[in-house]
1. Could you tell me the distance between the Cα centroids of the range 146-184 and the range 19-54, to the nearest Å?
2. Of all alpha-carbon pairs in the range 1-92, indicate the percentage at a distance above 15 angstrom.
3. For the range 4-176, what are the per-bin percents of Cα-Cα distances with bins 10 Å wide, up to the bin holding the maximum?
4. For the chain, modelled as a GNM with alpha-carbon contacts under 10 angstrom, which of 54, 149, 106 fluctuates the most?
5. With just the Cα atoms of the range 135-184, tell me how far they stretch along each of the three principal axes, in Å, largest first.
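Please treat every number below as a calculation from the coordinates, not as lab data. Quantities reported herein were computed from a predicted structural model and do not represent experimental measurements.
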């Protein structure tokens, strides 16, 4: 079964001060492929969309433009799922979560093969993280919801304990990037 992944990279990176996607996109693409994703779709938007789209294409990913990023991350999630309607599910990864392991990706993709119509979430020490695997049929629900959290609360969810603190690491600021770089 095909295992597509969507990378959400349409943010403006205002807290970072520079485009986060350009820092992490290649690494995230490699991790997703290593974990079993056989096709990648990157959702981009202005103001950094052109540069991110070039990097995504160089990484072998398809690109889709979110023309309404002001509607928030949930709009990028819905757009990604809508673009992949021929697939039963898609893994949605955030471009500012660079430390997710390929083992976590594989765990979620393998679970979806057996239960493609539910949400699959990784959990580390009792805390839910990213990436999230969603049925593509959830796109209309995401479009109608003010947040992904509210949409997911209306769906059947299966949690998967993983030994991966990277599912919780969200790098949004220059200070966070500096701390992350120091641990490398």
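1. Answer, in whole Å: 16.
2. Details: 2295 of 4186 pairs.
Looking at the range 1-92, the distances longer than 15 Å represent 55 percent of pairs.
3. 11, 42, 39, 8, 0
4. 149
5. Principal extents (Cα only, largest first): 41, 25, 16 Å.
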